[in-house]
Amino acid sequence: MPVFVTIMFLWSKEIEISWCLGIMALVNIVLVHAAGNVWSDYHDYRRKVDADDTYSVRTLVAGLFTPKEVLMLSVGLQIAAVAMGLAMVALTGTTLLWFGLAGIALSVLYPPLKYAALGDLVIMACYALLPMLGTTFICSGNIIPEILWLSVPVGSITVAILHANNSRDIETDNRAGIKTFAMLTGRPAAINIYVFELLLPYCWLLLTVILGYVSPWTLTAFVTLPLALGNCKQMLSYQKKGIEAIANLDEATAKLQLAFSLTLAIGIIIQALA
C-alpha cells in the first residue's frame, strides 16, 4: 500500500515516472516484508513468544512446517528481495542502495528490536518512511520529501496493527521474557494509544488539506472512518468484555489499512483526472 499510494501520488503531480520500475518496487516491497514476517515468525516460535495458548500464526505452533523450513523460506525470500533490489540500484543509481541496506537491516534485526520495545518504530520506518521515500527515487530519479505528508497517516494505521497485537499479548509476551511498547505503557494506556493511532490519520489529512500541503481529494479516505471508529470501539470494549474482545483486532486493523490506503489512492487518482 505505501508503494502504491506513492506511485499514484507521483502520477497525480505529473512527474515523469517509470512504470516498469514502479512495478518492480511493488514486487520488491512484498518480498522484503514477506521475508521479514516469516523471519519474525521463526524467532517468535524459537523464543516461545508463539505457543499453543497464544493468538499467534499457527504455521509453526501447529506443526504445519518445521522451523528449518520456515527459516529457509525466509532466507530464500530475502535473497530474492536483495537480487531485485540490486537490479533496481543498477537501473536507478547508488542512492537507492542506502534505502535498501536500511530496509534489509531493519528486516533482519526486527525480532531483537521488537523484543526491546522498538517494534513500533521499525514498522513506521519499514512500512511508511523508507518505502515511500525510496519509491519516489525509484520511479522519478529524485527523492521527493513531499510524500512524507502522506507517510504519517499510512504509517500510523500500520503501526496500529502491531500495537493491537501487542496490546492483546501483554501477558504471554511477558511470560516469554520480551518487552513491547504496549507492555511498557500498560494495557489501559495502550488502549488509548491504539485509538490515537487510528484517529490520527484522519485528523492529519484534514489538517494538511487545510494548510494546503495535500489535495482535498485525499479526504476520500474519510469513507473508511466508520471502520476506524468500529475498531476503536472494539478496543475500548476490552474493559468490559476482556481479551476475547480484541483477539482479532490486529486483523481488523490490517483490513482498515487496506481500505484506507486504497481510498486514499483513489482520491489521488481522481485529483489527477479532474
Legend entry - Condition met for ASP44 (assigned to a helix (DSSP H, G or I) and either among the aliphatic types (A, V, I, L, M) or over 15 Å from GLY134 (Cα atoms) (or both)): yes
Inset, instruction - Can you confirm whether the range 48-65 contains a residue that is more than 24 Å from SER18 (Cβ to Cβ) and in contact with a strand residue (DSSP E or B) (Cβ under 8 Å, 6 or more places away or on another chain)? - result: no
Legend entry - Residue ranges of helices (runs of 4 or more DSSP H) in the range 155-223 with at least 1 members at pLDDT 90 or above and buried (at least 23 other Cβ atoms within 10 Å of the Cβ): 181-185, 187-210
Legend entry - Close pairs (8 angstrom Cβ cut-off, 6 or more residues apart or separate chains): closer than 26 Å to GLN271 by Cα and free of Cβ contacts under 8 Å to residues at least 40 places away in the same chain in the range 213-240, part of a helix (DSSP H, G or I) and among the charged types (D, E, K, R) anywhere: LEU227/LYS255
Inset, instruction - Would you check if VAL82 is within 30 Å of TYR213 (Cβ to Cβ), modelled with pLDDT of 90 or more and aliphatic (A, V, I, L, M)? - result: no
Inset, instruction - Output yes when any residue across the range 232-250 is within 19 Å of the chain's Cα centre (by Cα), acidic (Asp, Glu) and either surrounded by fewer than 14 Cβ atoms within 10 Å (Cβ to Cβ) or not in a helix (DSSP H, G or I) (or both), and no when none is. - result: no
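To keep it simple, each residue is scored yes or no on (1) surrounded by 13 or more Cβ atoms within 10 Å (Cβ to Cβ); (2) closer than 30 Å to TRP204 by Cα; (3) among the basic types (Lys, Arg).
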residue: TYR45; (1), (2), (3): yes, no, no
residue: ASP50; (1), (2), (3): yes, no, no
residue: LEU60; (1), (2), (3): yes, no, no
residue: ILE79; (1), (2), (3): no, no, no
residue: THR92; (1), (2), (3): yes, no, no
residue: VAL108; (1), (2), (3): yes, no, no
residue: CYS126; (1), (2), (3): yes, yes, no
residue: PRO131; (1), (2), (3): yes, yes, no
residue: CYS139; (1), (2), (3): yes, yes, no
Inset, instruction - Answer yes or no: is there a residue in the range 47-59 that is assigned to a helix (DSSP H, G or I) and closer than 21 Å to LEU106 by Cα. - result: no
Legend entry - Single unsatisfied condition, VAL30 versus (1) β-branched (Val, Ile, Thr); (2) in contact with a Leu (Cβ under 7 Å, 6 or more places away or on another chain); (3) in a helix (DSSP H, G or I): (2)
Inset, instruction - Report yes if TYR45 is modelled with pLDDT under 90, hydroxyl-bearing (Ser, Thr, Tyr) and within 24 Å of VAL152 (Cβ to Cβ), otherwise no. - result: no
Inset, instruction - Among what's in the range 1-27 and is polar (S, T, N, Q) and part of a helix (DSSP H, G or I), pick the residue that is farthest from ALA116 (Cα to Cα). - result: SER12
Inset, instruction - Please state which one of ALA247, ALA221 is hydrophobic (A, V, I, L, M, F, W, C) and either more than 18 Å from SER151 (Cα to Cα) or in contact with a strand residue (DSSP E or B) (Cβ under 8 Å, 6 or more places away or on another chain) (or both). - result: ALA247
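The values are calculated or read from the model by the stated rules, or taken from the named source; none is laboratory data. Given the structure is predicted, the values throughout are model-derived calculations rather than measurements. A quick note on method: Cβ atoms are made from the backbone with ideal geometry, for glycine too, and the neighbour counts reach across all protein chains shown.
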